[in-house]
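A.B. asks: Here you go, one structure.
Readers should treat all values here as calculations from the given coordinates under stated rules, not as data from a laboratory. Predicted model, so just to flag it, every value in this text is computed and none were measured. Positions of Cβ are backbone-derived with ideal geometry, glycine not excepted, and every protein chain shown enters the neighbour counts.
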Amino acid sequence: MSQARALAQRGETAAAAAAYRQTFGGSIPPNSAALEYFQTLAGAPGGLAQAQEGLRSLAARKPGDTNV
C-alpha cells in the first residue's frame, strides 16, 4: 500500500488506483483501506462512478462513520 499512497500523493491517480487493486488482489478493499482507495479512484480517469458506488456501499456498511 505504500507504493499506492506514494503514487496518489504525487497525483498519479490512475497508477495509484492500479497499485491499490493489485494490493487487494482485485477484491473489494477491506473497510480499513476502502475510503482511501475510493477517494483515489474518484480522481483517476474514468473512476468517479465506480468510486461513488464504492463509497455508497461503504457508507451502508459503516452507517455511524462520519468520515465516509
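A.B. asks: With +1 on the Cβ of every Lys and Arg and -1 on the Cβ of every Asp and Glu, and nothing else charged, how large is the dipole of the chain about its Cα centre, in debye rounded to the nearest 20? Mind showing how you got there, number by number?
C.D. replies: Details: 6 positive and 4 negative charges, 13 e Å.
The calculated dipole for the chain is roughly 60 debye.
A.B. asks: Please order Ser27, Ser57 by the number of other Cβ within 10 Å, starting at the fewest.
C.D. replies: Values: Ser27 8, Ser57 14.
Lowest to highest Cβ neighbour count: Ser27, Ser57.
A.B. asks: Also: Taking the chain as the reference, fit the longest principal axis to its C-alpha atoms, fit the long axis of helix 13-23 to the helix C-alpha atoms, and give the angle between the two in degrees, 0 to 90, nearest 10.
C.D. replies: Computed tilt is about 70 degrees.
A.B. asks: Let me ask something additional. Debye calculation, C-alpha points only, no solvent: report log10 I(q)/I(0) for the chain at q = 0.13, 0.19, 0.23 Å⁻¹, in the same order as the q values.
C.D. replies: Treating every Cα as an identical point scatterer, log10 I(q)/I(0) equals -0.31, -0.67, -0.95.
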